[in-house]
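Data block below; observations after.
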Amino acid sequence: VQLVESGGGLVQAGGSLRLSCAASGRTFSDYVMAWFRQAPEKEREFVAAINWSGTSTYYADSVKGRFTISRDNAKNTVYLQMNSLKPEDTAVYYCAADTSIRLVRFVHGFHYWGQGTQVTVSS
């Protein structure tokens, strides 16, 4: 499956952004979808994930209550709505996909990755 992220940009602290990830190549609803992020000189970290049907979601503690993951299986797209952004949310955000939900919070739990989109939050 091929993944293409969009929607990143520069925003002031307290602002909002919505990231999108368009998937192609395989049956989208066969895949668990997730967002990870990587800040400069830091390891890639889990942000949020959603199961195949969209009925279950998972969040990192650092974004819980501020970010919302959703998916539209008819449009082969997963979204990340980011509200109340903080400077520490600045990172490259990656979309990821895998058929298994077993390791949903781990980088090595996902086989397919997008190229990333930059999110910069100014103070």
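The values are calculated or read from the model by the stated rules, or taken from the named source; none is laboratory data. Just so it is clear, the model here is predicted, and its values are computed rather than measured. Please note: Cβ atoms are built from the backbone with ideal geometry, for glycine as well, and neighbour counts cover all protein chains shown. Keep in mind that these areas ignore ligands, DNA and RNA; they rest on the heavy atoms of the full protein, side chains included. Shrake-Rupley method; radii C 1.70, N 1.55, O 1.52, S 1.80 Å.
Things worth noting here:
- When segment 65-80 is filtered for residues that are surrounded by fewer than 15 Cβ atoms within 10 Å (Cβ to Cβ) and either over 22 Å from Ala39 (Cβ atoms) or in contact (Cβ under 8 Å) with a residue 24 or more places away in the chain (or both), the ones remaining, listed by number, are Asp72, Ala74, Lys75.
- Applying the criterion of being under 16 Å from the mean Cα position of the chain (by Cα) and among the aliphatic types (A, V, I, L, M) to the residues of segment 2-28, the residue that is most open to solvent (accessible area, probe 1.4 Å) is Val4.
- For segment 91-103, a residue qualifies if it is over 15 Å from Ala60 (Cβ atoms) and assigned to a loop (DSSP other than H, G, I, E, B), and the qualifying residues are Thr99, Ser100, Ile101, Arg102.
- Within the option set Tyr31, Tyr58, being open to solvent by less than 20 Å² (accessible area, probe 1.4 Å) and among the hydroxyl-bearing types (Ser, Thr, Tyr) holds for one residue only, Tyr31.
- Scanning segment 20-55 for residues that are assigned to a loop (DSSP other than H, G, I, E, B), at pLDDT 95 or above and among the small types (Gly, Ala, Ser) yields Ala39, Ser53, Gly54.
- Screening Ser123, Ser16, Ser84, Ser100 for residues that are touching a helix residue (DSSP H, G or I) at 6+ places or on another chain (Cβ under 9 Å), polar (S, T, N, Q) and farther than 22 Å from Val1 by Cβ leaves exactly one candidate, Ser123.
- Total residues in segment 104-119, condition open to solvent by 50 Å² or more (accessible area, probe 1.4 Å) and either in a loop (DSSP other than H, G, I, E, B) or touching a residue at least 24 places away in the same chain (Cβ under 8 Å) (or both): 8
- Residue in segment 6-15 that is in contact with a Gly (Cβ under 8 Å, 6 or more places away or on another chain), under 18 Å from Gln118 (Cβ atoms) and in a strand (DSSP E or B) present: no
- Taken over segment 34-55, the criterion of being of a type outside the set (Gly, Ala, Ser) and open to solvent by less than 30 Å² (accessible area, probe 1.4 Å) is satisfied by Trp35, Phe36, Arg37, Phe46, Val47, Ile50, Asn51.
- Selection count, segment 67-90, where residues are polar (S, T, N, Q) and part of a loop (DSSP other than H, G, I, E, B): 5
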